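The values are calculated or read from the model by the stated rules, or taken from the named source; none is laboratory data. The structure displayed is predicted, hence computed values, not measured ones. As a convention, Cβ positions derive from the backbone with ideal geometry for all residues, glycine included, and neighbour counts pool all protein chains shown. When the accessible area is computed, the model is the full protein with side chains, heavy atoms only, and any ligands, DNA or RNA have been set aside. Shrake-Rupley method; radii C 1.70, N 1.55, O 1.52, S 1.80 Å.
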There are 2 protein chains.
Amino acid sequence: MKFTVLVDVRLRSGIADPAGATIERAIPVLGFAGVSGVSVGKIIRFTIEAVDKEEATIKSEELSTSFLTNPVIEDAVVTLSSMDDDL
Amino acid sequence: MKFTVLVDVRLRSGIADPAGATIERAIPVLGFAGVSGVSVGKIIRFTIEAVDKEEATIKSEELSTSFLTNPVIEDAVVTLSSMDDDL
């Protein structure tokens, strides 16, 4: 079975987000008002092949914590969906 | 009214994704099999204040195309949700 995996990586609260802070500072200068709390994260998408959803979830979570993210400063949310659902 | 905005930025198809390609090449070396089609995107979250959902959507879309993304190489999906729904 094939699954589409989406890993939503965001900085843990309290960790400096210079990209977000820069955007937030620039927005009023560009003529937009009322925007606050800007944060920039990463989103990693891939396809994984596994026997069932459980195996795919375990593999994806392992991949996420061991390799795709830095758990010291980042939080990740892994979402799986069967490729068959998308069709 | 306050809205939480999520801008999901991904590279247009056909645009080279070196970060995704590097991850895809590295994964088998690290002992994971069956992973393909890796792509890396950005996700920008912020809070916007507006009179109603329509104004918030228009402002967010404008912000997204004019400033947060490069429409030549990137596609963006803007999702709004009322802060009241989250509580």
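Considering (1) open to solvent by 40 Å² or more (accessible area, probe 1.4 Å); (2) modelled with pLDDT under 95; (3) more than 9 Å from chain A (Cβ to nearest Cβ), the lone condition that B:I73 does not fulfil carries the number (2). The residue list A:F46, A:F32 contains one member that is modelled with pLDDT of 95 or more and not charged (D, E, K, R), which is A:F46.
I want to confirm something. Restricting to region A:20-36 and keeping residues that are more than 9 Å from every other protein chain (Cβ to nearest Cβ) and assigned to a helix (DSSP H, G or I), which single residue is farthest from A:L6 (Cα to Cα)? Selected residue: A:V29.
Take region A:42-52 and flag every residue that is within 20 Å of B:G20 (Cα to Cα) and not charged (D, E, K, R).
Within region A:42-52, A:I43, A:I44, A:F46, A:T47, A:I48 meet the criteria.
Please verify whether region A:37-52 includes one or more residues that are more than 25 Å from B:R12 (Cα to Cα), assigned to a helix (DSSP H, G or I) and of a type in the set (D, E). The answer is no, given that none of the residues of region A:37-52 is more than 25 Å from B:R12 (Cα to Cα), assigned to a helix (DSSP H, G or I) and of a type in the set (D, E).
Residue by residue, here is whether (1) under 21 Å from A:L30 (Cα atoms); (2) of a type outside the set (G, A, S); (3) surrounded by fewer than 16 Cβ atoms within 10 Å (Cβ to Cβ) holds:
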residue	(1), (2), (3)
B:F3	yes, yes, no
B:R10	no, yes, no
B:V29	no, yes, yes
B:F32	no, yes, no
B:S36	no, no, yes
B:S39	no, no, no
B:E55	yes, yes, yes
B:S64	yes, no, no
B:L68	yes, yes, no
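Checked against (1) farther than 21 Å from B:A21 by Cα; (2) without any contact (Cβ under 8 Å) to a residue 24 or more places away in the chain; (3) at the interface with chain B (Cβ under 10 Å from one of its Cβ atoms), A:S39 meets all criteria but (2).
Selection of region B:42-63 for residues being in contact with a strand residue (DSSP E or B) (Cβ under 7 Å, 6 or more places away or on another chain) and more than 7 Å from chain A (Cβ to nearest Cβ) yields B:K53, B:A56, B:T57, B:S60, B:E61.
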